[in-house]
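The values are calculated or read from the model by the stated rules, or taken from the named source; none is laboratory data. These numbers were taken from a predicted model, which means no experiment stands behind them. So basically every Cβ, Gly included, is an ideal-geometry build from the backbone, and we count neighbours across all protein chains shown. All accessible areas refer to the heavy atoms of the entire protein, side chains included, with ligands and DNA or RNA removed. Shrake-Rupley method; radii C 1.70, N 1.55, O 1.52, S 1.80 Å.
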Amino acid sequence: MKRAPRTVLPRAGQRVLCAVSGGLDSMCLLHMLEAWCEERGGQAAAAHFNHRLRGAAADRDEEFVRETCARWGIPLSVGREDVGEYAKREGLSTEEAARNLRYAFLRRTAAERECERLYTAHHAGDNAETVLLNLIRGTGLTGLTGMDWERDGLCRPLLCVTREELEAYAAEWKIPHIEDATNADPEAAARNLLRLQVMPLLKELNPRAVEHICGTARRLRGVDRSLEQDAAARTAHVEVQEGRVTLSMEALAAAPAAVRSRMLLRLFDLLGVGRKDVGAAHLEALMDLARRTAWGKEGRLSLPHGITARYCRRWLILETRPQILTEVQLVPGRALHWGDYALTLLDRPEGEGISFFWRGRPGQSPVVTAAPCPPGARLTLPGARGSRSVKRLCLDRRISLAERDRLPAIYVEGKLAAVWRLGVDAAFAPEGREPCRFIKIEKTKQQIEEDGHDAQ
């Protein structure tokens with residue numbers, strides 16, 4: 001069995017935490033970590049997270065891990081969360097919600113136990129599957145480099161070990177483990193489908209398919225690292241101010257094509273918002289704007305995280321929006337400037353806006369507010385079979401993240417009644433000739449100008 005780089009293994013006297021599901025991979029890793037730590041005078045602890053997705057089966061896994069750790073004399077921390085409820089509330093997929101809650105628990109536990117490193121049992125097969133999944137879904141070079149041996153205190157020492165080698169190790173050391181039944185269900189997740197049906201076919205073509213995929217990813221990682229270093233050097237002298245970064249178009253144009261997108265991503269890092277939600281489409285839009293912008297002529301583009309990009313006099317400028325949108329009450333007949341819009345609560349329709357009916361007591365005026373809408377909030381649109389998350393409705397309408405974050409949501413007596421451009425909830429939809437309230441919605445002059453630039 002190949003061994004991980006020494007830098008990934010526990011150091012002398014170090015406390016480490018092992019994520020343990022109870023499956024073969026994590027039980028083997030826990031057994032190895034315990035031996036490595038004993039050799040070096042360190043200490044290994046275990047952490048198990050119950051996602052509460054599989055009822056009695058999940059409780060069985062938890063009890064198995066408890067009993068095994070007690071028998072091996074390894075300290076154990078257990079976390080439990082309702083992943084299904086969290087996914088529904090935040091508008092996430094079950095897989096994404098489970099990952100978020102699990103890693104939050106693991107990092108919290110590592111901090112509480114004063115463990116310097118967190119270990120997971122991802123092996124070579126997992127790494128190959130990740131590369132293939134990223135390729136199928138669409139990715140850049142970085143997505144083809146696979147998993148890191150170590151990043152931000154998270155270590156994966158089994159990336160050079162195949163599943164078959166782990167099975168042999170478990171048999172040799174008689175390591176107890178349990179299997180998650182959903183791992184054998186191709187319908188459970190895309191990764192299971194790949195693992196159970198695609199990978200066996202690839203191994204028929206070449207029994208060393210996993211090894212070769214991981215080897216290619218390792219070589220691409222070197223190329224990826226070189227391009228990232230080049231981008232860092234070319235943006236080392238970028239002008240950085242609070243909420244603003246400026247890069248010369250000459251510097252961008254002088255860079256090799258493979259480096260330019262990385263230079264743009266570095267600008268998001270320098271702004272302090274990071275690269276999450278900044279996809280290839282946003283980078284292509286920035287480059288396209290640069291190509292279409294004449295020297296001395298200004299152009300604008302709205303980007304995730306409330307960032308505006310503009311080209312002005314041979315400079316690319318990325319700025320964060322200074323305004324923080326909060327919940328504000330609407331006063332009848334008085335225009336309220338909220339984000340990119342002016343909102344006016346009226347008794348009758350006038351121009352573009354939202355009509356809603358309030359089934360309250362006669363003579364009583366409802367409290368109507370405008371606020372940002374969490375992506376996990378849900379609307380039941382008239383005629384729909386059920387409610388849908390704001391995140392999903394925006395995706396269906398091709399409303400970008402930046403636009404979604406600026407859409408005014410209307411609350412009536414604290415309940416979500418409507419979201420501009422998405423519709424009115426069925427509970428507040430006008431019926432027949434019932435008297436209704438109307439919110440006139442107009443774009444501010446600044447937003448009209450920005451939309452005009454975006455269309456250029």
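Details
- Tabulated pairs, the range 314-343, first of a type in the set (Lys, Arg) and modelled with pLDDT under 85, second open to solvent by 70 Å² or more (accessible area, probe 1.4 Å) and assigned to a loop (DSSP other than H, G, I, E, B), C-beta under 8 angstrom, 6+ apart or interchain: 314/295
- Selected residue [modelled with pLDDT under 95, within 21 Å of residue 149 (Cα to Cα) and in a helix (DSSP H, G or I)] from 195, 219, 191: 191
- Hits in the range 49-96 (condition: of a type in the set (A, V, I, L, M, F, W, C), touching a residue at least 60 places away in the same chain (Cβ under 8 Å), touching a Gly at 6+ places or on another chain (Cβ under 9 Å) and part of a helix (DSSP H, G or I)): 64
- Looking across the range 386-430, the residues that are in a helix (DSSP H, G or I) and charged (D, E, K, R) come down to 391, 392, 396, 403, 404.
- Verdict on residue 142 being at negative phi, open to solvent by 40 Å² or more (accessible area, probe 1.4 Å) and hydroxyl-bearing (Ser, Thr, Tyr): yes
- Residues of the range 386-421 satisfying the condition of being open to solvent by less than 60 Å² (accessible area, probe 1.4 Å) and more than 21 Å from the chain's Cα centre (by Cα): 386, 387, 408, 409, 410, 411, 412, 416, 417, 418, 419, 420
- For residue 26, the criteria (1) open to solvent by 30 Å² or more (accessible area, probe 1.4 Å); (2) part of a helix (DSSP H, G or I); (3) among the polar types (S, T, N, Q) hold in every case but one, which is (1).
- Residues (under 27 Å from residue 277 (Cβ atoms) and of a type in the set (Asp, Glu)) located in the range 385-437: 396, 403, 405, 425
- Scanning the range 97-130 for residues that are part of a helix (DSSP H, G or I), open to solvent by less than 60 Å² (accessible area, probe 1.4 Å), closer than 19 Å to residue 22 by Cα and not hydrophobic (A, V, I, L, M, F, W, C) yields 103, 109, 125, 126.
- Checking each residue in the range 75-96 for being among the small types (Gly, Ala, Ser), open to solvent by 20 Å² or more (accessible area, probe 1.4 Å) and within 16 Å of residue 21 (Cα to Cα) picks out only 77.
- Screening the range 346-385 for residues that are out of contact with any Phe, Trp or Tyr (no Cβ under 8 Å at 6 or more places or on another chain) and not in a loop (DSSP other than H, G, I, E, B) and picking the one that is most open to solvent (accessible area, probe 1.4 Å) gives 378.
- Against the conditions (1) farther than 30 Å from residue 164 by Cβ; (2) not in a helix (DSSP H, G or I), residue 207 satisfies every one except (1).
- Single condition residue 255 does not satisfy, out of (1) more than 30 Å from residue 159 (Cα to Cα); (2) modelled with pLDDT under 95: (2)
- Any hit, the range 4-19, residues being of a type in the set (S, T, N, Q) and within 30 Å of residue 218 (Cβ to Cβ): yes
- Selection count where residues are among the basic types (Lys, Arg) and in a loop (DSSP other than H, G, I, E, B), scope the range 1-23: 3
- Top-ranked residue of the range 211-227 - restricted to ones that are of a type in the set (A, V, I, L, M) and farther than 18 Å from residue 257 by Cβ, ranked as surrounded by the most Cβ atoms within 10 Å (Cβ to Cβ): 213
- Residue, most open to solvent (accessible area, probe 1.4 Å), within the range 145-156, restricted to residues that are more than 11 Å from residue 121 (Cβ to Cβ) and assigned to a loop (DSSP other than H, G, I, E, B): 152
- Residues of the range 236-258 that are crowded, with 20+ Cβ neighbours inside 10 Å and farther than 25 Å from residue 400 by Cβ: none at all.
- From the list 133, 159, the lone residue that is open to solvent by less than 60 Å² (accessible area, probe 1.4 Å), touching a residue at least 60 places away in the same chain (Cβ under 8 Å) and assigned to a loop (DSSP other than H, G, I, E, B) is 159.
- Residue count, the range 225-252 (criterion: in a helix (DSSP H, G or I) and modelled with pLDDT of 95 or more): 10
- Within the range 41-74, the set of residues being hydrophobic (A, V, I, L, M, F, W, C), closer than 21 Å to residue 110 by Cα and open to solvent by 60 Å² or more (accessible area, probe 1.4 Å) comprises 70, 72.
- Picking from residues in the range 277-294 that are without any contact (Cβ under 8 Å) to a residue 12 or more places away in the chain and within 18 Å of residue 143 (Cβ to Cβ), the one that is most open to solvent (accessible area, probe 1.4 Å) is 284.
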